[in-house]
Amino acid sequence: MTAASTTDKTGAEATVTAESDRFVIAVDGKQAGFAEFFDGDGRRTFPHTEVDPTYQGRGLATILVAEALRSTKEAGLRVVPACSMVANYIDKHPEYQDITDAS
């Protein structure tokens, strides 16, 4: 399990932790959202991502997806963005397009 910390738009500490089947983002130690994934055939598929409505507008989805994709690329896996949040992030960040497969 790996973790990466940064701050959200309000300045609160946000930590993304990799678990066996999802990345979890926590703010000040409280879970605020997650990005589910499953691996197979050298690809990591992201079917669902969500952030608790209480935390919306703080940039947490961007932080979460950025760390999930960074970790996936570092692991040498290709990305299948079945989730619209992940797909939209990749559209805005061409550095991940070369490791992206259609969902």
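The values are calculated or read from the model by the stated rules, or taken from the named source; none is laboratory data. Predicted model only: the values in this text are computed from it and were never measured. FYI the Cβ positions are ideal-geometry reconstructions off the backbone, even for glycines, and counts take in every protein chain you see.
Select from segment 8-50 the residues that are buried (at least 19 other Cβ atoms within 10 Å of the Cβ), over 10 Å from the mean Cα position of the chain (by Cα) and under 13 Å from residue 86 (Cβ atoms) and list them in ascending order.
44, 45 - these are the residues of segment 8-50 that are buried (at least 19 other Cβ atoms within 10 Å of the Cβ), over 10 Å from the mean Cα position of the chain (by Cα) and under 13 Å from residue 86 (Cβ atoms).
Select from segment 58-79 the residues that are over 14 Å from residue 45 (Cα atoms) and assigned to a loop (DSSP other than H, G, I, E, B) and write down the one among them that is nearest to the chain's Cα centre (by Cα).
59
Looking at 82, 87, which one is assigned to a loop (DSSP other than H, G, I, E, B), touching a Pro at 6+ places or on another chain (Cβ under 8 Å) and small (Gly, Ala, Ser)?
Details: 87 fails: assigned to a loop (DSSP other than H, G, I, E, B).
None of the others qualify; the one that does is 82.
Output the residues belonging to segment 21-50 that are among the small types (Gly, Ala, Ser) and modelled with pLDDT of 95 or more.
26, 32, 33, 35, 40, 42 - these are the residues of segment 21-50 that are among the small types (Gly, Ala, Ser) and modelled with pLDDT of 95 or more.
Could you give me the residue pairs with C-beta distances under 8 Å whose first residue belongs to segment 1-22 and is over 18 Å from residue 58 (Cβ atoms), whose second residue is of a type in the set (Ser, Thr, Tyr) and assigned to a loop (DSSP other than H, G, I, E, B) wherever it lies, and which are 6+ apart or on separate chains?
18/2
When the residues of segment 90-103 are filtered to those that are at pLDDT below 95 and either under 12 Å from the mean Cα position of the chain (by Cα) or outside any helix (DSSP H, G or I) (or both), which remaining residue is nearest to residue 47 (Cα to Cα)?
103
Quick check, is residue 49 in a loop (DSSP other than H, G, I, E, B), polar (S, T, N, Q) and in contact (Cβ under 8 Å) with a residue 12 or more places away in the chain?
Numbers: in a loop (DSSP other than H, G, I, E, B): no; polar (S, T, N, Q): yes; in contact (Cβ under 8 Å) with a residue 12 or more places away in the chain: yes.
When the stated conditions are applied, residue 49 does not pass them.
Scan segment 82-103 residue by residue and report those that are touching a Leu at 6+ places or on another chain (Cβ under 9 Å) and under 16 Å from residue 36 (Cα atoms).
Answer for segment 82-103, where residues must be touching a Leu at 6+ places or on another chain (Cβ under 9 Å) and under 16 Å from residue 36 (Cα atoms): 85, 86, 89.
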